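Asks: Below: one structure in structure tokens.
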Amino acid sequence: MTLIDSSVWIDFLRPAGAGNTKETVATLLREDRAAFSCPTYYELINGVKDHEEADLERTLLVAHREPFRVHHWNQAAELARLLRKQRINLPHLDILLSAVALETGWPILCADRHFDTIRDKGDARLQVIQLAPA
């Protein structure tokens, strides 16, 4: 299973999205290995335009939804404090998604470097798969 970050879902859903993103996500969906969690869903549903919402919901219906549980808040808070001690402030939703990934042991498929920083400066167990720009 692979947790897909909102940066990748957004590119996948764009008509003019990068070919490598579309191919990678389509493969994960086809192989029943695509997953998302509440932090990603929040980012997506918060930014979707009204005419795009049905496409988003249809796409996410075929992906696995990993629940966000109470203990994820504590794990995310510990991770955020550790990063802040190093003067690193990252988006909270990325830290929350990292907590889910750390518990499940699933990698995060992303298109930004925040998760690399979380892994390198916070918890080396975090698996990150960076999509290279097309």
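Asks: Filtering the range 77-134 down to residues that are over 24 Å from residue 24 (Cβ atoms) and of a type in the set (S, T, N, Q), which residue is farthest from the chain's Cα centre (by Cα)?
Replies: Only one residue tops the list, namely 86.
Asks: Related question: Condition first: within 15 Å of the chain's Cα centre (by Cα) and in contact (Cβ under 8 Å) with a residue 24 or more places away in the chain. Now tell me which residues in the range 62-76 satisfy that. Full working, then the answer.
Replies: Restricting attention to the range 62-76, the residues satisfying the condition of being within 15 Å of the chain's Cα centre (by Cα) are 63-68, 72, 76.
63, 64, 65, 66, 67, 68, 72 - these are the residues of the range 62-76 that are within 15 Å of the chain's Cα centre (by Cα) and in contact (Cβ under 8 Å) with a residue 24 or more places away in the chain.
Asks: Condition check: surrounded by fewer than 17 Cβ atoms within 10 Å (Cβ to Cβ) and of a type in the set (Gly, Ala, Ser). Does residue 77 satisfy that?
Replies: yes
Asks: Right, next: What are the pairs with Cβ atoms under 9 angstrom where one residue, in the range 1-14, is under 8 Å from residue 36 (Cα atoms) and the other, located anywhere, is assigned to a helix (DSSP H, G or I) and charged (D, E, K, R)? Sequence gap at least six, or different chains.
Replies: The qualifying pairs are 5/43; 5/94.
Asks: Right, something else. Which of the residues belonging to the range 12-26 are surrounded by fewer than 20 Cβ atoms within 10 Å (Cβ to Cβ) and either in contact with a helix residue (DSSP H, G or I) (Cβ under 7 Å, 6 or more places away or on another chain) or closer than 14 Å to residue 64 by Cα (or both)?
Replies: 13, 17, 18, 22, 26, listed by residue number.
Asks: State whether one or more residues within the range 51-63 are touching a strand residue (DSSP E or B) at 6+ places or on another chain (Cβ under 8 Å) and surrounded by fewer than 17 Cβ atoms within 10 Å (Cβ to Cβ).
Replies: Keep residues of the range 51-63 that are touching a strand residue (DSSP E or B) at 6+ places or on another chain (Cβ under 8 Å), which gives 60, 62-63.
Then keep just the ones that are surrounded by fewer than 17 Cβ atoms within 10 Å (Cβ to Cβ); that gives 62.
Looking for residues that are touching a strand residue (DSSP E or B) at 6+ places or on another chain (Cβ under 8 Å) and surrounded by fewer than 17 Cβ atoms within 10 Å (Cβ to Cβ), one finds at least one in the range 51-63, hence yes.
All of the numbers you see were taken from the coordinates with simple rules; none came from a lab. None of these values were measured; they are calculated from a predicted model. Neighbour counts run over all protein chains shown; Cβ positions are idealised from the backbone, glycine included.
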